[in-house]
1. What's the number of the only condition in (1) closer than 30 Å to CYS247 by Cα; (2) surrounded by 18 or more Cβ atoms within 10 Å (Cβ to Cβ) that GLN114 fails to meet?
2. Every residue in the range 57-107 that is over 21 Å from the mean Cα position of the chain (by Cα) and of a type in the set (S, T, N, Q), please.
3. Quick test of your reading of the structure: LEU301 fulfils all but one of (1) within 19 Å of the chain's Cα centre (by Cα); (2) surrounded by 21 or more Cβ atoms within 10 Å (Cβ to Cβ). Name the failing condition by number.
4. What's the total number of residues in the range 70-110 that are assigned to a helix (DSSP H, G or I) and either in contact with a Cys (Cβ under 8 Å, 6 or more places away or on another chain) or open to solvent by less than 30 Å² (accessible area, probe 1.4 Å) (or both)?
5. Can you confirm whether the range 319-326 contains a residue that is touching a strand residue (DSSP E or B) at 6+ places or on another chain (Cβ under 8 Å) and either within 18 Å of THR85 (Cβ to Cβ) or not in a loop (DSSP other than H, G, I, E, B) (or both)?
6. I'm trying to understand the selection: among the residues of the range 188-204, which are open to solvent by 30 Å² or more (accessible area, probe 1.4 Å) and either within 23 Å of ASP87 (Cβ to Cβ) or outside any loop (DSSP other than H, G, I, E, B) (or both)?
7. Looking only at the range 205-251, count how many residues are open to solvent by less than 10 Å² (accessible area, probe 1.4 Å), touching a Ser or Thr at 6+ places or on another chain (Cβ under 7 Å), assigned to a loop (DSSP other than H, G, I, E, B) and of a type in the set (Ser, Thr, Tyr).
8. Quick one: GLN121 ticks every box in (1) in a loop (DSSP other than H, G, I, E, B); (2) open to solvent by 40 Å² or more (accessible area, probe 1.4 Å); (3) in contact (Cβ under 8 Å) with a residue 60 or more places away in the chain; (4) more than 18 Å from ARG327 (Cα to Cα) except a single one, so which number is it?
Amino acid sequence: MNKTNALAALALAAGLCAPAVHAQGAGQLNVICSVQDEWCSLMSTTFARSSGIKVNVLKRGSGEALAQLLAERGNPKTDVWFGGTGDPHLQAAEQDLTLAYKSPSLPQLHAWSQSQAEQSQWRTVGVYSGPLGFAYNTELLAKKKLPEPKCWKDLLSPGLRGEIQVANPASSGTAYTMIATLVQLMGEDKAFDYMKGLHRNVSQYARSGTGPIKAAARGETTVSISFVHDAPSEQMQGFPIATATPCEGTGVEIGSMSIIKGARNLENAKRFYEWALTPAAQQLAAAAHQYQLPSNKSATLDSHIPDFRKIRLIDYDYAKYGRSAERKRLIERWEREVNGQSR
């Protein structure tokens, strides 16, 4: 079966899992989507075709999505927020921007997904998970005669001066996950000392979390700090990209989904929410070349999904680092002490 036919078959299977509604008068759904474009498109078109609901999608990084929900607090224009790192979803829950909804599908989900829902008082739920690490352009490393980075300490090498990209934590959940991971791994002061040293080797702080790995794949930078599940899609396009997860330990994102408090299309939002938790809908991620671990225990796992058993993981405190005050404090300190430096 070729790629087009396989994609169509998977989309059809996912569509069969959508709640049955009549196309005429089914209404609409407004979704902020914080995953990659192809995944956003496949999710929205599959649900729309099967349900008859018109789906309007706005693509936003998770930090930008949270800012938009805060700005629209008095007059929400969004019904569902799909994807993006879980910390901003927890912050939205804390700030009463999202609706408590205890899905009947929760027992079908992995423990980490159920824990995310419980911590948020049922205002968000985990839909996927993926580890933070490094991606590097193998051709550039060979050309510059640099060793492959395997540990956080390797990124401080003078040979990588100006050769690293990472996202900006003010707009990117990926970069905030990096800060929170380093703080938990090293202790806060040592983590900030580390990031000050890393700053000398960073050429650019990108707006989105996927920007740096795309730049590394295309030879615009040598190394990126990224979620490693973003690499296979670049490799499939023929780019010379490889990944590593830090030897000292790393954090894991729990990509989440939330219904917005005051949603204008609440019943349609619940229909989408339930559908997005089904195995068939979650398998659309791999069809869109995104290889996070799905939260539904029955979802078929693609071979490109990282093997969590081979990764040294920290005991990430999602409750603490998902709090608004903690995120604000750490990002302000990063802006002041790290981004404010000259290189």
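The values are calculated or read from the model by the stated rules, or taken from the named source; none is laboratory data. For clarity, every value in this text was computed on a predicted model and none was experimentally measured. Because the Cβ atoms are built from the backbone with ideal geometry, glycine has one as well, and the counts that use them run over all protein chains shown. For accessibility, only protein heavy atoms count, side chains too; no ligands or nucleic acids. Shrake-Rupley method; radii C 1.70, N 1.55, O 1.52, S 1.80 Å.
1. (2)
2. ASN75, SER103, SER105
3. Exception for LEU301: condition (2).
4. Looking only at the range 70-110, we keep the residues that are assigned to a helix (DSSP H, G or I), and these are 70-71, 86-94, 106-108.
Now drop any that are not either in contact with a Cys (Cβ under 8 Å, 6 or more places away or on another chain) or open to solvent by less than 30 Å² (accessible area, probe 1.4 Å) (or both), which leaves 86-93, 106.
Going through the range 70-110 one residue at a time, the tally reaches 9.
5. Step one: filter the range 319-326 for residues touching a strand residue (DSSP E or B) at 6+ places or on another chain (Cβ under 8 Å), giving none.
No: zero hits.
6. Applying the first criterion (open to solvent by 30 Å² or more (accessible area, probe 1.4 Å)) to the range 188-204 yields 188-190, 193, 196, 200, 203-204.
If the condition is that a residue be open to solvent by 30 Å² or more (accessible area, probe 1.4 Å) and either within 23 Å of ASP87 (Cβ to Cβ) or outside any loop (DSSP other than H, G, I, E, B) (or both), then GLU188, ASP189, LYS190, ASP193, LYS196, SER203, GLN204 are the ones that fit.
7. Counting residues in the range 205-251 that are open to solvent by less than 10 Å² (accessible area, probe 1.4 Å), touching a Ser or Thr at 6+ places or on another chain (Cβ under 7 Å), assigned to a loop (DSSP other than H, G, I, E, B) and of a type in the set (Ser, Thr, Tyr) gives 1.
8. All conditions are met except number (3).
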